[in-house]
Every structure is written in structure tokens, then in C-alpha cells.
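Input: a single structure, listed below in C-alpha cells.
The values are calculated or read from the model by the stated rules, or taken from the named source; none is laboratory data. The model shown is predicted, which means the values in this text are computed figures rather than measured ones. Cβ placement follows ideal geometry from the backbone for every residue including glycine, while neighbour counts extend to all protein chains displayed. For accessibility, only protein heavy atoms count, side chains too; no ligands or nucleic acids. Shrake-Rupley method; radii C 1.70, N 1.55, O 1.52, S 1.80 Å.
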Amino acid sequence: MSFSFNVRNAEELITGAVKNGDIKVFYQPKYDSINGKAVGAEALARWIDTDGRVIPPSEFVPLLEETGLITILDWYMLEQVCKFLRDELENQRHVVTVSVNFSRVHTKETDFIRRLCSTVDGYGVPHNLVEAEITESAMATDGNDIIDFISRIRDSGFSVSIDDFGSGLSSLNFVKDVPANVIKIDKSLLSGNCENEKERIVLESIFEFAHRLKLVTVAEGVETKEQLGFLRTCGCEIIQGFLFAKPMTQEDFRRVLENAEEIKETEDILLTQAPASATQLLLDVVFKRYPLIIMSNLSRNSFYMMAYENFSTRSCPSTGVYTELIVHGASTMHPEDKQLFIDTFDLKDQIEAYNDGQRARAVVTRQLGDDGVYRRVETTNYYVKNPSADDILAITLSRSLD
């Protein structure tokens, strides 16, 4: 083996490899999980040694990260991807978004955004065809720096993907705060054929919160049809892995796009749907129909907002005491409807009615919107017992009728 990469020769070797074109871009396609069509790709670096051996990133990327020389590789990869996309566009071929990995080291580059934009614009490539992949570990270690970094990338018209999510440093707090477009589920969460119940529960939960946050979900490292089937039931949109395709040369990837290859499944996806997917479909329908959804614990006089989007008024508190919520809601009602609203959702009366067998109640009132106009609003409470405690839960669904 002629390849010998260490701290002493790292800069010389990486600079030379970039100059001589010894590092090639391999593309691993990303496929729509349902119809099997190629919808994107990840650009991966492969170093071709003098003896012709293809050197995987694991043999040189960690040292480049350690020495800070990874930026040389990242900018080189971006250039090569832009060249490919420009050629495809000029020849009026089908193109898809290609993701390029960027190290957290770039957060220290004061001119990163300027260079990113000038590079892509220099090749005449639309920004939406380039996606920046940032590893989850960067989210956990760089805090606010990475959040600002990603915000500036997004503001420049590029998509951002959180890579390797679930690889060991996951922080739901950062997922909440980071303005990414895409979340890539790490292959470490896909052991075997997803037969482990705890593993399935974790994955189902990840996909559910990702969908609620309006993040596109990508599963990487998919190798079996059983994994694909389970991921479909979770609503995973995009698949990347050996089941569909290994990383390939530019020429092979071009043929994939030219042929619009489609993976044919003989089994109807509806026959393989699990309860998780059915639940997700129901949630999607509910959230689309009702812009205001509240979960309340009547026994504990508490509530929290589950959904609050495109409603006539935006003044409703997000969490707190249920009886105070009713007082607040009544304050937004037409004077003639205030008492009706208060009586309908009186805490004690609802609990007594539930114990007497009532499982739902509804009322239509006129509510003052933020624009100063009263509109008819339907508010319905559905009651259930908390399966894990002796509490009465109420799910409030509210929508405008005008």
C-alpha cells in the first residue's frame, strides 16, 4: 500500500491530491421511499492512490478534521459538484439536489457565505440544487455558532441537512432551534431488520417529531427490504443505502438520472402499513383541518398547545392553567357568547359530565380575530381517560366556520 497519511505530510498530500485531481467525487443517490425514483444524491470523496486503490474517507477525513485541513477538501468537493451540475444544466439533462458535507471548522471562516455563494454562482448553478450537510456532532459541540452558521446558509437560499442524527450525541433542544430543512437518520439506528421493539419505538418517535417540525426525513444505511418496509410505515420520505445503490462514479450517476430508474415493489404499500403510519396519517389530517389543537388534563387543571397555526387570533397562551385558558378564551368572544363559552367548558361541569358518560361537547361562538373581525368558531372537546393515570384528558379541536 503506497498511501501513508499522517500529521506531518497531511497538508502536502491533500493539496497535491486536489491539484492533481486524485480525489474523485462519488455520488450515492437518494430515492423516494414510495416510488423508488432518484430525487437527490450525496457527494462523497474517494481518494485514488497511485496504485489505483480507492481510499475511503475513513482513512483520511478524521485527520483532516483534526488538523483543520478538511476545509480544503470541502471546497474542492463543492467545486466538483458545481461543475457536474453546470454540465448537466447546460446539456438540458435531468438534475437533482446534491448534498455536500461541510465541517464545523467552516464556522470559523468569516467569509464562508460569500465564498459559498460566489462558488455556486460562478458556475451558474441555482442555490436550491446544493444542500449543505452538517453533522449532528457539530450541533452538540458548537452551540449558538452552528445555529447562526446554518441560519446564514438558509438565508442564502441553500438547503441544510442535519447529518448522522441519532449517532450518539442527539440533542432535541438543538433540533428545535436549528433552522435545518432535512434530518438524516443515522444508520446506527437501523440494526438488523428493525425487529427490536425499542428500536422501532425510537424511530417512530423521531419521524413523528420531525414531521411535526416540517423536516424532510432521510434514512441512510438502508440495506434490506424489511428496513425499507418499516421506514415507509413511519412516513420516511427519502432512502439512501445499499438496498438502492452504492456510491458511484459521476458517469454511473448520470445514467441513473437519465434512465429515471424506479424500484418496482410488487407488494401494495397499504398492505404493509403499521399502526405508526396510520397514526401519522390521522394526525396529519387532524392538523390540517384544525388550526388550533389543545391537550388538557382536566383532573390537574392544566393544558398545553399541540398546534396553533393560521387561526383567527394568535393571543392564546401555549401552556398553563386550564381554567385561566377558558377565561382568556371568553375574553375574545362576542359579548353575547361569553357566558355560553364559559358554561360549556366549565371545569367541574365537564368532569361531572364525563363521569356520567359524556365523551364530547361542542359549541359555536363568535370570536374576535386579530384583524378586528368576529368570526364563527366551532370548538369541540373530546374526553378520554389517561391510560397511565386516573386523569381525565380533553382534546380541544377548534376551527373557523367562516
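Residues that are of a type in the set (A, V, I, L, M, F, W, C) and farther than 20 Å from Ser159 by Cα, at least 1 per element: which strands (runs of 3 or more DSSP E) completely within region 17-115 meet that? Break it down into steps so the answer makes sense when it comes.
Values: elements: 23-32, 38-48, 97-101.
Hits in region 17-115: 23-32, 38-48.
Among the residues that make up region 219-234, is at least one of them open to solvent by less than 90 Å² (accessible area, probe 1.4 Å), modelled with pLDDT of 90 or more, closer than 24 Å to His94 by Cα and within 23 Å of the chain's Cα centre (by Cα)?
So the first thing to find is which residues in region 219-234 are open to solvent by less than 90 Å² (accessible area, probe 1.4 Å), and the list is 219-222, 224, 227-234.
Then keep just the ones that are modelled with pLDDT of 90 or more; that gives 219-222.
Pick out the ones that are also closer than 24 Å to His94 by Cα and you get 219-220.
Checking the rest, the ones that are also within 23 Å of the chain's Cα centre (by Cα) come to 219-220.
The answer is yes, given that some residue of region 219-234 is open to solvent by less than 90 Å² (accessible area, probe 1.4 Å), modelled with pLDDT of 90 or more, closer than 24 Å to His94 by Cα and within 23 Å of the chain's Cα centre (by Cα).
Looking only at residues that are modelled with pLDDT of 90 or more and touching a strand residue (DSSP E or B) at 6+ places or on another chain (Cβ under 8 Å) in region 253-269, which one is surrounded by the fewest Cβ atoms within 10 Å (Cβ to Cβ)?
Quick first cut of region 253-269, residues modelled with pLDDT of 90 or more only: 253-257.
Narrowing further to those that are touching a strand residue (DSSP E or B) at 6+ places or on another chain (Cβ under 8 Å): 253, 256-257.
Working: Phe253: 23, Val256: 20, Leu257: 18.
Per the stated criteria, the residue is Leu257.
Leu347 - would you say it is surrounded by 15 or more Cβ atoms within 10 Å (Cβ to Cβ), touching a Phe, Trp or Tyr at 6+ places or on another chain (Cβ under 8 Å) and in contact (Cβ under 8 Å) with a residue 60 or more places away in the chain?
On the way: surrounded by 15 or more Cβ atoms within 10 Å (Cβ to Cβ): yes; touching a Phe, Trp or Tyr at 6+ places or on another chain (Cβ under 8 Å): yes; in contact (Cβ under 8 Å) with a residue 60 or more places away in the chain: no.
Spelling it out, it is not the case that Leu347 is surrounded by 15 or more Cβ atoms within 10 Å (Cβ to Cβ), touching a Phe, Trp or Tyr at 6+ places or on another chain (Cβ under 8 Å) and in contact (Cβ under 8 Å) with a residue 60 or more places away in the chain.
Among the residues in region 367-381, are any acidic (Asp, Glu), at pLDDT below 95 and farther than 30 Å from Glu208 by Cα?
Scanning region 367-381, I find at least one residue that is acidic (Asp, Glu), at pLDDT below 95 and farther than 30 Å from Glu208 by Cα, so the answer is yes.
For Ile392, work out the one condition from (1) over 11 Å from Leu298 (Cβ atoms); (2) in contact (Cβ under 8 Å) with a residue 24 or more places away in the chain; (3) β-branched (Val, Ile, Thr) it doesn't fulfil.
Against the list (1) over 11 Å from Leu298 (Cβ atoms); (2) in contact (Cβ under 8 Å) with a residue 24 or more places away in the chain; (3) β-branched (Val, Ile, Thr), Ile392 comes up short only on (1).
Can you tell me which residue within region 81-103, out of those that are among the acidic types (Asp, Glu) and open to solvent by less than 60 Å² (accessible area, probe 1.4 Å), is farthest from Val18 (Cα to Cα)?
Glu88
Inside region 191-214, can you point out the residues that are hydrophobic (A, V, I, L, M, F, W, C) and touching a residue at least 40 places away in the same chain (Cβ under 8 Å)? I'd like the intermediate steps shown before the answer.
Residues of region 191-214 that are hydrophobic (A, V, I, L, M, F, W, C), as a first pass: 194, 201-203, 206-207, 209-210, 213.
Result: Ile206, Phe207.
Scanning region 338-367 for residues that are among the basic types (Lys, Arg) and part of a strand (DSSP E or B), which turns out farthest from Thr379 (Cα to Cα)?
Here the answer is Arg366.
Any residue that is open to solvent by 70 Å² or more (accessible area, probe 1.4 Å) and under 20 Å from Tyr290 (Cα atoms) - is there at least one of those in region 351-363?
First, the residues of region 351-363 that are open to solvent by 70 Å² or more (accessible area, probe 1.4 Å): 352, 355-356, 359.
If we keep only those that are under 20 Å from Tyr290 (Cα atoms) as well, we get 359.
Yes, region 351-363 contains a residue that is open to solvent by 70 Å² or more (accessible area, probe 1.4 Å) and under 20 Å from Tyr290 (Cα atoms).
Take the residues in region 104-160 that are polar (S, T, N, Q) and open to solvent by 40 Å² or more (accessible area, probe 1.4 Å), then tell me which one is modelled with the lowest pLDDT.
Within region 104-160, the first condition is being polar (S, T, N, Q), and the residues that meet it are 107, 110, 118-119, 128, 135, 137, 141, 144, 151, 156, 159.
Now drop any that are not open to solvent by 40 Å² or more (accessible area, probe 1.4 Å), which leaves 110, 118, 128, 135, 141, 144.
Values: Thr110: 91, Ser118: 98, Asn128: 97, Thr135: 79, Thr141: 58, Asn144: 73.
Selected residue: Thr141.
Looking only at region 217-249, count how many residues are of a type in the set (S, T, N, Q) and in a loop (DSSP other than H, G, I, E, B).
Within region 217-249, residues that are of a type in the set (S, T, N, Q) and in a loop (DSSP other than H, G, I, E, B) number 2.
Within region 303-325, which residues are open to solvent by less than 20 Å² (accessible area, probe 1.4 Å), touching a helix residue (DSSP H, G or I) at 6+ places or on another chain (Cβ under 9 Å) and not in a strand (DSSP E or B)?
Within region 303-325, Tyr322 is the sole residue that qualifies.
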